[in-house]
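Chemist: Take a look at this one; I'll ask things after.
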Amino acid sequence: MGRIKSFPVFILESAGSVSYFSDDFSKETGIKVSQDWNIPGDDEEIQDELVRLNKINSDESWTIDPIRKMWGKFAPLNPQIENWIVAGKGPLDEAKQKWDIMFGMVSKYNEDDIRSFLTRKGYDVKKSDRERMEKIEDKTRVIIQWVPSLKTLKYIEDNL
(Lines give C-alpha, C1' and ligand atoms only; values in the text may rest on other atoms or scores of the structure.)
Protein backbone atom coordinates (compact mmCIF):
# COMPACT_ATOMS: atom_id res chain seq x y z
CA MET A 1 0.00 0.00 0.00
CA GLY A 2 1.07 3.60 -0.30
CA ARG A 3 2.88 3.16 -3.64
CA ILE A 4 0.19 4.90 -5.59
CA LYS A 5 0.22 8.60 -5.06
CA SER A 6 -1.97 11.40 -6.26
CA PHE A 7 -0.27 13.36 -8.98
CA PRO A 8 -1.99 16.75 -8.82
CA VAL A 9 -1.97 18.58 -12.14
CA PHE A 10 -0.81 21.84 -10.57
CA ILE A 11 2.40 20.24 -9.29
CA LEU A 12 3.35 18.51 -12.54
CA GLU A 13 2.48 21.19 -15.03
CA SER A 14 5.02 23.67 -16.22
CA ALA A 15 5.51 25.65 -19.39
CA GLY A 16 7.24 23.62 -22.10
CA SER A 17 6.43 20.30 -20.44
CA VAL A 18 3.51 18.39 -21.91
CA SER A 19 2.61 15.20 -20.06
CA TYR A 20 0.42 12.47 -21.48
CA PHE A 21 0.12 9.96 -18.63
CA SER A 22 -2.81 8.00 -20.05
CA ASP A 23 -1.25 7.99 -23.51
CA ASP A 24 2.04 6.73 -22.09
CA PHE A 25 0.13 3.99 -20.23
CA SER A 26 -1.69 3.09 -23.46
CA LYS A 27 1.55 2.79 -25.41
CA GLU A 28 3.37 0.81 -22.72
CA THR A 29 0.55 -1.67 -22.08
CA GLY A 30 -1.28 -1.82 -25.40
CA ILE A 31 -4.52 -0.98 -23.54
CA LYS A 32 -5.90 2.18 -25.17
CA VAL A 33 -7.19 4.50 -22.45
CA SER A 34 -6.04 7.82 -23.89
CA GLN A 35 -8.02 9.91 -26.36
CA ASP A 36 -6.92 12.20 -29.15
CA TRP A 37 -9.10 15.29 -29.14
CA ASN A 38 -9.59 18.02 -31.69
CA ILE A 39 -7.30 20.71 -30.29
CA PRO A 40 -7.36 24.25 -31.74
CA GLY A 41 -3.61 24.53 -32.26
CA ASP A 42 -0.36 22.99 -31.11
CA ASP A 43 -0.76 20.84 -27.97
CA GLU A 44 2.31 22.30 -26.29
CA GLU A 45 1.39 25.93 -27.01
CA ILE A 46 -2.19 25.41 -25.83
CA GLN A 47 -1.01 23.62 -22.70
CA ASP A 48 1.49 26.43 -21.97
CA GLU A 49 -1.34 28.96 -22.21
CA LEU A 50 -3.54 26.85 -19.94
CA VAL A 51 -0.69 26.62 -17.42
CA ARG A 52 -0.41 30.42 -17.50
CA LEU A 53 -4.13 30.72 -16.80
CA ASN A 54 -4.15 28.12 -14.02
CA LYS A 55 -5.14 29.99 -10.90
CA ILE A 56 -7.26 27.14 -9.58
CA ASN A 57 -6.40 27.77 -5.92
CA SER A 58 -7.10 31.47 -5.88
CA ASP A 59 -9.77 33.97 -6.79
CA GLU A 60 -8.26 35.18 -10.03
CA SER A 61 -11.27 36.60 -11.84
CA TRP A 62 -9.04 38.02 -14.59
CA THR A 63 -8.75 34.44 -15.93
CA ILE A 64 -12.48 34.19 -16.70
CA ASP A 65 -12.44 36.01 -20.05
CA PRO A 66 -9.27 34.36 -21.44
CA ILE A 67 -10.60 30.93 -20.44
CA ARG A 68 -13.96 31.71 -22.08
CA LYS A 69 -12.16 32.77 -25.27
CA MET A 70 -10.10 29.59 -25.33
CA TRP A 71 -13.26 27.54 -24.62
CA GLY A 72 -14.79 29.24 -27.67
CA LYS A 73 -12.08 27.60 -29.76
CA PHE A 74 -12.38 24.14 -28.14
CA ALA A 75 -16.17 23.77 -28.00
CA PRO A 76 -16.90 24.00 -31.75
CA LEU A 77 -14.31 21.28 -32.39
CA ASN A 78 -15.70 19.04 -29.62
CA PRO A 79 -19.39 20.02 -29.15
CA GLN A 80 -20.05 17.27 -26.58
CA ILE A 81 -17.98 19.15 -23.97
CA GLU A 82 -20.66 21.86 -23.67
CA ASN A 83 -22.76 19.48 -21.55
CA TRP A 84 -19.97 18.54 -19.14
CA ILE A 85 -20.04 21.58 -16.88
CA VAL A 86 -21.12 20.64 -13.37
CA ALA A 87 -23.32 23.23 -11.67
CA GLY A 88 -20.96 25.78 -10.21
CA LYS A 89 -20.92 28.71 -7.87
CA GLY A 90 -20.64 31.42 -10.47
CA PRO A 91 -18.49 32.50 -13.43
CA LEU A 92 -15.12 31.76 -11.80
CA ASP A 93 -16.15 28.23 -10.83
CA GLU A 94 -17.44 27.63 -14.36
CA ALA A 95 -14.18 28.95 -15.82
CA LYS A 96 -12.20 26.60 -13.56
CA GLN A 97 -14.26 23.64 -14.79
CA LYS A 98 -13.71 24.68 -18.40
CA TRP A 99 -10.00 24.91 -17.67
CA ASP A 100 -10.04 21.38 -16.21
CA ILE A 101 -11.81 20.05 -19.30
CA MET A 102 -9.47 21.74 -21.77
CA PHE A 103 -6.34 20.74 -19.86
CA GLY A 104 -7.62 17.16 -19.72
CA MET A 105 -8.22 17.19 -23.45
CA VAL A 106 -4.77 18.54 -24.27
CA SER A 107 -3.31 15.94 -21.90
CA LYS A 108 -5.11 13.18 -23.88
CA TYR A 109 -7.32 11.94 -21.05
CA ASN A 110 -10.44 10.12 -22.19
CA GLU A 111 -13.94 11.52 -21.71
CA ASP A 112 -14.76 9.38 -18.68
CA ASP A 113 -11.55 10.38 -16.88
CA ILE A 114 -12.16 14.08 -17.52
CA ARG A 115 -15.80 13.93 -16.47
CA SER A 116 -14.88 11.95 -13.36
CA PHE A 117 -12.25 14.55 -12.48
CA LEU A 118 -14.89 17.31 -12.58
CA THR A 119 -16.72 15.70 -9.69
CA ARG A 120 -13.94 13.85 -7.82
CA LYS A 121 -11.02 16.19 -8.55
CA GLY A 122 -8.80 13.15 -8.24
CA TYR A 123 -9.05 13.17 -4.47
CA ASP A 124 -12.19 11.12 -3.80
CA VAL A 125 -10.57 7.77 -4.42
CA LYS A 126 -11.59 4.85 -2.27
CA LYS A 127 -9.04 2.50 -0.77
CA SER A 128 -10.52 -0.33 -2.84
CA ASP A 129 -9.96 1.68 -6.05
CA ARG A 130 -6.35 2.38 -5.08
CA GLU A 131 -5.93 -1.37 -4.49
CA ARG A 132 -7.33 -2.02 -7.98
CA MET A 133 -4.77 0.42 -9.38
CA GLU A 134 -1.98 -1.37 -7.53
CA LYS A 135 -3.06 -4.73 -8.96
CA ILE A 136 -3.03 -3.24 -12.46
CA GLU A 137 0.43 -1.82 -11.86
CA ASP A 138 1.67 -5.18 -10.59
CA LYS A 139 0.36 -6.96 -13.69
CA THR A 140 1.48 -4.36 -16.24
CA ARG A 141 4.64 -3.14 -14.51
CA VAL A 142 3.50 0.37 -15.48
CA ILE A 143 2.72 3.03 -12.88
CA ILE A 144 -0.66 4.72 -13.22
CA GLN A 145 0.19 8.39 -12.91
CA TRP A 146 -3.33 9.80 -13.00
CA VAL A 147 -6.60 8.97 -11.28
CA PRO A 148 -8.64 6.99 -13.80
CA SER A 149 -12.41 6.94 -13.68
CA LEU A 150 -14.10 3.82 -12.41
CA LYS A 151 -15.11 3.01 -15.98
CA THR A 152 -11.49 3.30 -17.15
CA LEU A 153 -10.30 1.09 -14.28
CA LYS A 154 -12.81 -1.59 -15.27
CA TYR A 155 -11.79 -1.31 -18.94
CA ILE A 156 -8.12 -1.79 -18.02
CA GLU A 157 -8.94 -4.77 -15.79
CA ASP A 158 -11.07 -6.36 -18.53
CA ASN A 159 -8.24 -5.99 -21.04
CA LEU A 160 -5.34 -7.28 -18.97
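The values are calculated or read from the model by the stated rules, or taken from the named source; none is laboratory data. Since the model is a prediction, treat every value here as computed from it, not as a measurement. Neighbour counts run over all protein chains shown; Cβ positions are idealised from the backbone, glycine included.
Chemist: Could you tell me which numbered condition Asp112 fails, if it satisfies all but one of (1) in contact (Cβ under 8 Å) with a residue 40 or more places away in the chain; (2) over 17 Å from the mean Cα position of the chain (by Cα)?
Modeler: (2)
Chemist: Can you report the number of residues in the range 106-159 which are surrounded by fewer than 20 Cβ atoms within 10 Å (Cβ to Cβ) and among the hydroxyl-bearing types (Ser, Thr, Tyr)?
Modeler: Number of matching residues: 5.
Chemist: If you don't mind, there's one more thing I want to ask. From the list Ile101, Ile31, Ile64, exactly one residue is farther than 24 Å from Lys126 by Cα, surrounded by 16 or more Cβ atoms within 10 Å (Cβ to Cβ) and modelled with pLDDT of 85 or more. Which is it? Talk me through it step by step, then tell me what you get.
Modeler: Values: Ile101 fails: farther than 24 Å from Lys126 by Cα; Ile31 fails: farther than 24 Å from Lys126 by Cα.
After ruling out the rest, the residue left standing is Ile64.
Chemist: So for the range 51-60 (the condition being loosely packed, with under 14 Cβ neighbours inside 10 Å and in contact with a Gly (Cβ under 9 Å, 6 or more places away or on another chain)), does at least one residue qualify?
Modeler: As a first pass, look at the range 51-60 and keep what is loosely packed, with under 14 Cβ neighbours inside 10 Å: 52, 57-59.
Checking the rest, the ones that are also in contact with a Gly (Cβ under 9 Å, 6 or more places away or on another chain) come to none.
No: zero hits.
Chemist: Separate question: Can you find a residue that is within 15 Å of the chain's Cα centre (by Cα), assigned to a helix (DSSP H, G or I) and of a type in the set (Phe, Trp, Tyr) anywhere in the range 119-126?
Modeler: No, because not a single residue in the range 119-126 is within 15 Å of the chain's Cα centre (by Cα), assigned to a helix (DSSP H, G or I) and of a type in the set (Phe, Trp, Tyr).
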